[in-house]
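Reading through the structure tokens given below for one structure.
What follows is calculated from the coordinates using simple rules that are stated; it is not laboratory data. This one's a predicted model, so the numbers in the text were calculated from it and none came from an experiment. Methodologically, a virtual Cβ is constructed for each residue, glycine included, from the backbone with ideal geometry; neighbour enumeration extends over all protein chains shown.
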Amino acid sequence: MMLKRILWCTTVIFSIASPLKAAYCNSPQKAIKDTAVIRTIYPSYNISPKAPDKTRMDNTAVQRTANIKLGWNIGNTMEALGAETGWGNPLITEDYIKLVKRSGFNAIRIPCAWDQYSDKKTAKIQDAWLNRVKQVVQYCVKNDTYVLLNIHWDGGWLENNITPAKQDSVNAKQKAFWEQIATAMRDFDEHVMFASANEPSTNDAAQMSVLLSYHQTFVNAVRSTGGRNSYRVLIVQGRRLSKS
């Protein structure tokens, strides 16, 4: 497997003309109520919000970035179509994570698919898949490794639909997914970070406005679940961002 250094700084401290609210700061601010109303298509999955919890969540995004020395991308695995092993890679084990750590890496990016493991009518993610992703994240945290968990290309439901016509439906799914992901991962400490997308592409100001709404929905959904998610470092990607 080819070693791949992740340019974490590019994503963590990326700035844009209209900065998202509460995305990078470790703040217990309540989720921002935007003027745009997300159409209710799916049920709310934020059914057990907690009070903000700052234990083991002390470092800011800038401090966290300074602590990350070398990142490993577990690609073509958790985001593979069909199954974790669908593209020929083995299941991720704790021994795999330990080997990565012994090789000098202290951060792991986990590109992840969610849509293929969800109910198309309700956007409910399969419990078995949420538990499997949580298990892999736990392997990393247990071995003192930072984790970046995202919604990857995932069939293109977000990245191929950065348009005003799809804005309501994509925002609804973004909200439903992140409420579930954030709730499942809420008790992990600052080793765990979330990213709202992968490599979103926009061509003009109108599309950029739509993309910003997707990012804001992500921020709001994660923050609304409370607990350590009130302070978790969140990462948003600018237009045409690519990591190498």
Seminar exercise, completed: If each part is reduced to its alpha-carbon centroid, the range 98-120 and the range 128-194 end up apart, in Å, by 10 Å
Problem set entry | Neighbour net charge for Q63 - beta-carbon separation under 15 angstrom, K R +1, D E -1 | +2
For this session: Could you line up V192, V222 from fewest to most neighbouring Cβ atoms inside 10 Å?
Result: V192, V222
For this session: Quick one: which residues, 5+ away or cross-chain, put their amide H under 5 Å from the amide H of V192? H built at 1.01 Å from N.
Result: V147
Exercise. Under a plain spin-label model, where a point goes 7 Å from the Cα along Cα-to-Cβ, how far apart in nm are Q138 and A206?
Worked result: 4.8 nm
Problem set entry | Modelled label reach - N67, point 7 Å along Cα→Cβ, the range 98-115 residues with backbone N closer than 18 Å | 101-102, 104-110
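Tell me, L149, L212 in order of fewest to most beta-carbon neighbours within 10 Å? Working shown, then result.
Working: L149 24, L212 18.
Final ranking by Cβ density, sparse to dense: L212, L149.
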Problem set entry | Order of F105, F218 - criterion: other Cβ atoms within 10 Å of each residue's Cβ, fewest first | F105, F218
Seminar exercise, completed: Under 5 Å from the placed amide H of G71, counting only residues 5+ away or on other chains, we find I6
